[in-house]
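First up is the structure itself, then whatever we jot down about it.
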Amino acid sequence: MNKTILIEWDKKYIWHPFTQMKNWLDDEPTIFIEGRDCFLKDIDGKWYLDGVSSLWVNIHGHRRQEIDEALKSQIDKLAHSTLLGACNEPSIVLAKKIADLLTENGVPLTKIFYSDNGSTAVEIAMKIAYQYWINQGIKGKDTFVSLKEAYHGDTIGAVSVGGVELFHEVYKPLLNKSIQAPAPYCYRCELNHTYPACELGCLNEMEKIIAQNQEKVIAVIVEPLVQCAGGIIVWPEGYLKGLRELCNKYNILLIADEVATGFGRTGKMFACEHEKVSPDIICLSKGITNGYMPLAITAVNEKIFNAFIGELEEKKTFYHGHSYTGNPLACAVALANLEIFEKEKTVEKLLPKIELLKNKLLEIAQLPYVGDVRQKGMIAGVEIVKDKKNKESFPYFEQTGWKIVKSARKYGVWLRPLGDVIVIMPPLVISEENLERLLEVIKGCIIGLNY
Ligand code: PLP
């Protein structure tokens with residue numbers, strides 16, 4: 001279709017997410033029409049290296065033949081039925097696969113509840129956690145503990161446990177009860193501590209909050225190891241393990257939101273594995289289908305599942321479900337994606353790329369305007385600051401992150417910043433050559449900043 005008409009219709013009819021539409025209308029948008037491997041092609045025929053995995057979902061590249069075929073083959077059988085009172089083959093097989101995968105990787109959560117995006121996976125986790133206590137006759141628990149700078153999605157429950165002022169502040173009057181603990185954000189520690197000398201002082205703060213509110217705390221919900229949307233905040237070692245111990249000590253649940261970190265991004269299949277921690281509930285989405293179809297999973301342990309078992313009149317049923325719960329196309333695609341993980345040893349092969357990323361980040365860290373570089377596995381963030389010494393940020397209206405990203409686009413690299421943090425999260429199958437190019441372009445664009 002004609003590019004001019006598409007742009008006209010886009011501007012006339014689409015309200016874009018996380019976008020000030022006034023600015024959008026003044027700009028010329030990029031229309032993608034094709035994807036191959038780690039690249040995206042726009043309507044003018046220009047190819048871009050996908051530096052953020054099409055919003056952190058792509059793992060094995062665009063147009064993977066095995067996944068294309070799985071989708072086509074499932075379409076020829078059944079596109080959708082329902083899990084409300086019925087089953088379908090791909091969702092059954094995938095549930096077993098995910099339960100096995102979690103268990104093999106030290107996270108023995110074997111009961112799978114499907115939904116269709118990261119936010120719903122979190123809503124479900126929160127509702128299950130809340131009702132878990134009710135079903136056991138334990139009253140008074142109505143509050144979650146979460147972290148500052150947390151991001152768990154955009155539905156109201158998920159926003160209630162979010163901590164990114166810019167996104168969440170305005171909705172405060174609508175939100176559920178939650179208490180925020182300091183984020184383990186070492187570069188900008190709100191306690192003015194320095195790691196490792198601090199011996200995880202932020203965990204002590206977390207303990208104080210839990211101890212003071214034990215009676216009413218349902219669960220602690222966190223993004224293990226990397227708070228991605230908060231600005232690629234990489235946790236110091238030991239925080240997650242310490243948090244699990246606190247939850248055990250005070251008998252509260254631990255919800256791990258691995259929507260962004262799951263499926264190999266951190267260098268292990270699940271981020272929790274790094275510290276040998278098993279949460280009570282895990283939320284998964286994004287990478288599960290390689291970005292082909294919307295799908296999410298909330299997996300729980302047997303202890304939680306069993307609290308929902310009873311006679312009808314006991315009212316222990318989990319009354320929750322979505323029209324697309326367990327959609328067969330999405331599940332078939334996820335199965336094909338997981339097969340590639342096994343066949344190609346995707347996670348095992350990451351080490352040299354993680355090392356390359358680490359070395360290049362060390363170079364980038366030396367540049368003017370680079371305040372901090374953070375990395376966990378194949379996730380990285382470069383925090384741009386006005387003043388390296390005192391960590392002063394550029395004013396918001398300068399949109400410095402966007403300036404860097406827009407200049408990278410000229411060089412055929414597609415990125416999306418989080419404020420002034422340049423996010424690096426390419427598909428896991430990116431070649432070392434392309435990874436190097438991605439980082440060189442970012443480096444060049446930071447050097448090119450003109451202040
Ligand atoms: N949880 C985390 C950790 C996320 O990073 C995101 C999205 O970025 C979500 C939840 C929400 O996922 P979705 O955008 O699919 O609703």
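The values are calculated or read from the model by the stated rules, or taken from the named source; none is laboratory data. Note that the structure is a prediction, hence the values are computed from the model and not measured. Virtual Cβ from ideal backbone geometry, glycine too; neighbours counted across all protein chains shown. Heavy atoms of the whole protein, side chains included, go into the accessibility calculation; ligands, DNA and RNA do not. Shrake-Rupley method; radii C 1.70, N 1.55, O 1.52, S 1.80 Å.
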Kindly indicate whether LYS172 is out of contact with any Cys (no Cβ under 7 Å at 6 or more places or on another chain), away from the ligand (no atom under 16 Å from the Cβ) and over 28 Å from GLU392 (Cα atoms). no
Could you count how many residues in the stretch 278-302 are charged (D, E, K, R) and within 11 Å of the ligand (Cβ to nearest atom)? 1
Selection count, the stretch 243-253, where residues are open to solvent by less than 10 Å² (accessible area, probe 1.4 Å) and either in a helix (DSSP H, G or I) or of a type in the set (Ser, Thr, Tyr) (or both): 2
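Which members of the stretch 199-213 meet the condition of being in a loop (DSSP other than H, G, I, E, B) and either within 16 Å of the ligand (Cβ to nearest atom) or surrounded by fewer than 20 Cβ atoms within 10 Å (Cβ to Cβ) (or both)?
Of everything in the stretch 199-213, just one residue is in a loop (DSSP other than H, G, I, E, B) and either within 16 Å of the ligand (Cβ to nearest atom) or surrounded by fewer than 20 Cβ atoms within 10 Å (Cβ to Cβ) (or both), namely GLU199.
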Do you know which of the residues in the stretch 214-240 that are under 21 Å from ILE304 (Cβ atoms) and open to solvent by 20 Å² or more (accessible area, probe 1.4 Å) is farthest from the ligand (Cβ to nearest atom)? GLU215
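Do the conditions hold for TYR239, that is, is it within 27 Å of GLY287 (Cα to Cα), in contact with a Pro (Cβ under 6 Å, 6 or more places away or on another chain) and touching a residue at least 12 places away in the same chain (Cβ under 8 Å)?
yes
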Restricting the search to the stretch 4-21, which residues are surrounded by 10 or more Cβ atoms within 10 Å (Cβ to Cβ) and part of a helix (DSSP H, G or I)? LEU6, ILE7, GLU8, TRP9, ASP10, LYS11, MET21
Counting only helices (runs of 4 or more DSSP H) entirely within the stretch 22-110, those with at least 2 residues that are hydrophobic (A, V, I, L, M, F, W, C), at pLDDT 95 or above and within 16 Å of the ligand (Cβ to nearest atom) are 53-56
Out of all the residues in the stretch 142-154, is one or more at pLDDT 95 or above, small (Gly, Ala, Ser) and more than 22 Å from the chain's Cα centre (by Cα)? no
Is it the case that GLU190 is more than 16 Å from the ligand (Cβ to nearest atom), over 25 Å from ILE384 (Cβ atoms), in a loop (DSSP other than H, G, I, E, B) and charged (D, E, K, R)? no
Meets criteria (surrounded by fewer than 23 Cβ atoms within 10 Å (Cβ to Cβ), over 17 Å from THR143 (Cα atoms) and of a type in the set (Val, Ile, Thr)) for VAL259: no
Name the single residue that is modelled with the lowest pLDDT among those in the stretch 325-374 being assigned to a loop (DSSP other than H, G, I, E, B) and out of contact with any Ser or Thr (no Cβ under 9 Å at 6 or more places or on another chain). PRO368
Within the set of pairs 6+ apart or on separate chains, which have a first residue in the stretch 212-223 that is touching a residue at least 12 places away in the same chain (Cβ under 8 Å), a second that is within 15 Å of the ligand (Cβ to nearest atom) and not in a strand (DSSP E or B), and C-beta atoms under 6 Å apart? ILE221/VAL161
All but one of (1) under 21 Å from the mean Cα position of the chain (by Cα); (2) modelled with pLDDT of 95 or more; (3) acidic (Asp, Glu); (4) away from the ligand (no atom under 15 Å from the Cβ) hold for GLU165, so report the exception by its number. (2)
Which one is surrounded by the most Cβ atoms within 10 Å (Cβ to Cβ) among residues in the stretch 127-147 that are more than 12 Å from the ligand (Cβ to nearest atom), over 15 Å from THR317 (Cα atoms) and in contact (Cβ under 8 Å) with a residue 60 or more places away in the chain? PHE144
